[in-house]
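See below for the structure under consideration.
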Amino acid sequence: MDGQINKPHRTSKKAKEKKKQPHSEPNPKAFAYSNPGKLAKQAARSHDIKEKRLHVPLVDRLPEDPPPRLVTIVGPPGVGKTTLLKSLIRRYAKETISDPVGPITIVTSKKQRLTFLECPNELEAMVDIAKVADIVLLMIDGNYGFEMETMEFLNVLAATGMPGNVFGVLTHLDLFHKPQALKDAKKRLKHRLWSELYNGAHLFFLSGVLNGRYPDREIHNLSRFLSVMKNPRPLVWRNTHPYTVIDNYRDITHPTKIEEDDKCDRTIELSGYLRGTNFAAEGQRVHIPGLGDYTISAMETLPDPCPTPAMEQALAKVEGKTGRRRLDEKDKKMYAPMADRSGLKITGDHIVITREKGFTFDKSAEGVERGEGEQLIIDLQGERRLLGQTDQGVKLFASGEQITQVPEEADTGRKTQRKARFADRGGSDGEGELPEDEGFVSGDDEEGSDVETEFNEQKLGKIFRKKADKVEDEEVAFADSDSDLGSLSSGGEEGSDEDGEDDEDGESSDGEGGATKWKENMMDRAKRLHEKRRPYRAVDLARFMYDTTISPKEALLKWRGEEEEKEEDIEQEEEDTFFKRAANGLDEDVGEDRAIPRFNYEELSAKWSRQDAVEALRSRFATANLVDEEGGEDDDDMGDDMGDDDDDEGDGAFEDLEADGNDGAGEESDAEPVAEPEASLEAEREKNARRKEELKLRFEEEDREGFKNDRAIARREGGEEEFGEDDWYEAQKAVLQKQLDINRSEFENLDETQRTSVEGFKTGKYARLVIEGVPTEFVTMFRPRMPIIVGGLSATEDRFGFVQVRIKRHRWHKKILKTGDPLIFSLGWRRFQSMPVYSISDSRTRNRMLKYTPEHMHCFGTFYGPLVAPNTGFVCLQSFSSANPGFRISATGTVLSVDESTEIVKKLKLTGTPYKIFKNTAFIKDMFNSALEIAKFEGAAIKTVSGVRGQIKRALAKPDGHFRATFEDKILLSDIVFLRAWYPIKPHRFYNPVTNLVGWQGMRLTGQIRRDNELDTPMLKNSQYRKIERPTRRFNPLRVPRALAASLPFKSQIIQTKPQTRETYLQKRAVVVKGEEKKARDLMQKLTTIRKEVVEKRRVKKEEKRVEYRKKQADIEARLENKEKRENKAYWEREGKKRKPDSSGGGGGKRRK
């Protein structure tokens, strides 16, 4: 078998005969389009896809630890919102909540959290939720279809800002019995959702309910999709305003105030994650929808109640431990303060603990399941113990060990009584004051950076320091705190000594000798340590600047780390003469805080007239010596005059940075002055080239990624354009990111308090907000299902004025809108009622008022309200009540401009009649009432109904209100003269905030008030329609004088026929029928009579048959109607049984009828 050789493959004859044709060039027809139109369409589509990716780059204000995403579940009642929320909580947190109320935050991954919120079936809540929702789960009853609440919420989203993640969730799909009907329903609802959102919007399907929850596989698919979503493009409103969604509230009003007056204003405490931009540190103005505008009286950050495991993983990586690839069960945290979690529910200012099976408060009982609230009650029943004491011992920390007994040989702390210590937090250099321990820094700080890191090794204890630092600080024998004297000083310092001393020596130092050893020469050691403090620290400068106890000069010297030459001997002074005035007048002037220091202007003018001094000043700037750094020519060095100048404190602060490299050169330049030769043409060219090089290097120093990056170098060498097809977009994003990095690096130099005062409270923190002056109805009428949003206001939004908007009536709203009718606006964070005035641009010259909104087009609207930035969307409603069966959204639009005044005019027609006519002049009456009104309208254009134009001249003296007018032609007494005028209209200053959280009654229309009070509409006599009676007008005949008629030409002469006095031939002749004609007429009359009789008999017969036919048709219609009624009744009985909610499940509320 090993030696077997297989028969080689034999090629066929056809393959031999077939020869390959050589292709020297690529075939142009191989990849050509057979249809040119297809090529154009594909090219247009590829360009559209590329352009859709480009948009105006926005600043991403999400911090490193972002707040949890807000997932809202929206839908009509009875659709399964609560069941979906329970299922998602069970999927993420492995817990069961019987009544999920309020925001519920759950850790879903290592760096991500989700806050679930069920939106109640109230339009106020829908409007508020649409402004803050990050992810929207739109619940749709698959068996019923889209309902009015769903379409209203989608329209609110489209007007106020559509978030990038809106998903549809179909429920009640188990009611379909036929697979084809289910498939058709899914397809129909999917395309209907796409028409409202966008093509390709995700739609999830949830079938039946098992054990009060949806199937685990379907919930798992939905939860996986929520976990892997990316951050969408931020909305403009949320990216420019701070806001928070409140998940817990507490009434912190003093009980004595409530006892004195139970209706007093309350002080409440609201907690939640900060979102949007940063909150101001002090005086932040906020608006709470449904409550009003307030100022935050106090605000502080709290520990995150639901943190992510990201920090623990980072710490484990630093320690060398392997990170986990998934969340453990203990890390799946959930924070739901308003919900009933494990029998514990926080409602307002009290905690409710519930249990279905009753309570078991027996502490000794074993094997009993207890909820979190019940366990709290049992823990409170224990006997009185010390802090941290348990049955097994004392446990001070949660991660520490329990201590059962104290060894006798262990250190027991200090042996003497604790004495007072005085700390100089301002960094004073006085010898009589004892500095604080935290200010002592061991080691050399000159090599450290100016930026303070979060963990400073120099601030750690001695046991954490390096060996070099320990040896250098051997002589410092005191610990970081008084309680650590015994163990830390003996074990950390003595035990690590090279001499190898025994522990007994360390223990003996804990006695009286050890307690006093570290106090020896304390001031000398503190002074030496203080001298090593790092100068030019931004933190110290901010503290010294605002310290009113020291002068500016002293603050500057302390910031530099310098010591004053003359120090007063404080020990020799008495206490009463400690603060004494300086004896020398010069010292007083130096210490004085002057805006303009005193200079010798003659010396300054002489100094700055020299060229070397100017060049030395130029070299002080940070980018002046860039050429020197790269090997260029040297600049002129600084002279002795600049080095010895002590008047300018600012220059002195930066003098030490470059003093090492310029001192020697400066001395040589002063010692050996060299005369400069005359500037030649070559020297001038070299100077210009050097200047250009400095400018280029300065630009490179400011932006290292500009000229020196690889792309820019390749562009210069290859001769490419400055920006390619996508380079501009990337450049804009890089500029925004660079600015964010600069801001972040600047803020990192500050400590936490200074950073908060400058930057504010950062987004992503969990903070507590205290608000004062809240009505007591907020506490008494509090409902945890209603979302509470605190939105920050800018300085402009706190002002009020007239807002001009572009508005359009919604196409689904039944009635058109009328000017002056109250309308509820949802604009920004606010919901308020105002009275808009509608107008339209009239030939771009004026804004003409409209009585009603147009039917299918936009118009202008002006109302009184808060000033909001242009291009802000809003929604209008007439009422929040669900009793209205129609579509409740009245109009939508955007803000155009804000102004304190308006320019809206109304057309006004004044009519009058002439009573005297003199050729082209006439006297007009019934148009004005006084001469003062006429004087205002002098020169105005008037017109008659027949079209004759005229002008108002003067008011007549005697009849008040009459005036003289001239026309272009003679008018008649029957003409009506009218004047077209424009009357300015100003909207009413009406602003009524919708405070539904404390009870609110909006302004009603007059017809609604009459209908509620059962009042009849008053009918004015002049407003009633009556029959118009117009008398017949008789005009006089045209009379032409005989002399004029005689002079007319022949064609134009007037011919009048005289009436005939005698009868004419046609009038007096008679017609007589004879012979054959008479017989023919008689025959035709008889035939006509017979025909009429036959037709009448036939009509009667047909009418009898029609009556019988109508009876038969009536019987058939009655039977069909009865059959249809029976079928409808049976159908709705069957459908009602299907739609009846299951009592065992956790479905939503009752379906609205």
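Numbers at a glance
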item: Lys916 long-range amide H proximity, modeled H, under 5 Å; result: Phe923
item: Within-15-Å neighbourhood charge of Gly791 [Cβ basis; K, R +1; D, E -1]; result: +1
item: Neighbourhood net charge (15 Å Cβ-Cβ; Lys/Arg +1, Asp/Glu -1) for His813; result: +4
item: Per-residue SASA entry for Met148, accessible area with 1.4 Å probe, Å² rounded to 10; result: 70 Å²
item: Highest to lowest packing among 290-300, 729-739, 1115-1125, scored as the average C-beta count within 10 Å; result: 290-300, 729-739, 1115-1125
item: Cα-based shape type of segment 978-1022, given that a ≥ b ≥ c are square roots of the gyration tensor eigenvalues and the cut on a/c is 1.5; result: oblate
item: Segment 975-1119 - accessible surface per residue (Å², probe 1.4 Å); result: 102 Å²
item: Normalised contact order of segment 58-125, rounded percent, pairs of Cα under 8 Å and 6 or more residues apart; result: 39 percent
item: Loop chymotrypsin sites (Phe, Trp or Tyr not before Pro), segment 940-1043, which have at most 12 other Cβ atoms in a 10 Å radius of their Cβ (DSSP); result: Tyr1025, Phe1035
item: Cα shape, segment 991-1090, gyration tensor, a/c 1.5 rule; result: oblate
item: Packing rank of 1058-1068, 930-940, where each peptide gets the mean count of other beta carbons within 10 Å, highest leading; result: 930-940, 1058-1068
item: Portion, in percent, of the accessible area of segment 52-163 that falls on carbon or sulfur, probe 1.4 Å; result: 48 percent
item: 1.4 Å probe accessible area per residue over segment 734-865, in Å²; result: 47 Å²
item: Carbon and sulfur %, accessible surface of segment 971-1085 computed with the full protein complex present, 1.4 Å; result: 53 percent
item: Phi-based couplings in Hz for segment 122-139 (Karplus 6.51, -1.76, 1.60; Gly and Pro marked x); result: 9, 5, 4, 5, 4, 5, 6, 5, 4, 7, 10, 6, 8, 10, 10, 9, 8, 7
item: Accessible area (Å², per residue) of segment 50-203, counting only protein heavy atoms and a probe of 1.4 Å; result: 37 Å²
item: For Gly276, distant residues with modelled amide H under 5 Å away; result: Tyr243
item: Amide H contacts under 5 Å for Ile788, placed H, 5+ residues apart; result: Ile246
item: Rounded to whole Hz, the Karplus (6.51, -1.76, 1.60) HN-Hα couplings of segment 101-108, x for glycine and proline; result: 10, x, x, 10, 9, 9, 7, 9
item: Vicinal HN-Hα couplings computed from phi for segment 892-906 (Karplus, 6.51 cos²θ - 1.76 cosθ + 1.60; Hz; Gly/Pro x); result: 9, x, 9, 7, 9, 7, 10, 7, 7, 10, 10, 10, 10, 10, 10
item: Accessible area of segment 235-320 belonging to carbon and sulfur atoms, whole % at 1.4 Å probe; result: 52 percent
item: Local electrostatic count, Ser297, Cβ distance below 11 Å [Lys/Arg +1, Asp/Glu -1]; result: -3
item: Sequence ranges 1043-1051, 175-183, 112-120, 898-906, ranked by mean other-Cβ count within 10 angstrom, highest first; result: 112-120, 898-906, 175-183, 1043-1051
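The values are calculated or read from the model by the stated rules, or taken from the named source; none is laboratory data. From a predicted model like this one, the values you see are computed outputs, not experimental measurements. Virtual Cβ from ideal backbone geometry, glycine too; neighbours counted across all protein chains shown. The accessibility values were calculated without ligands, DNA or RNA, using every heavy atom of the protein model including side chains. Shrake-Rupley method; radii C 1.70, N 1.55, O 1.52, S 1.80 Å.
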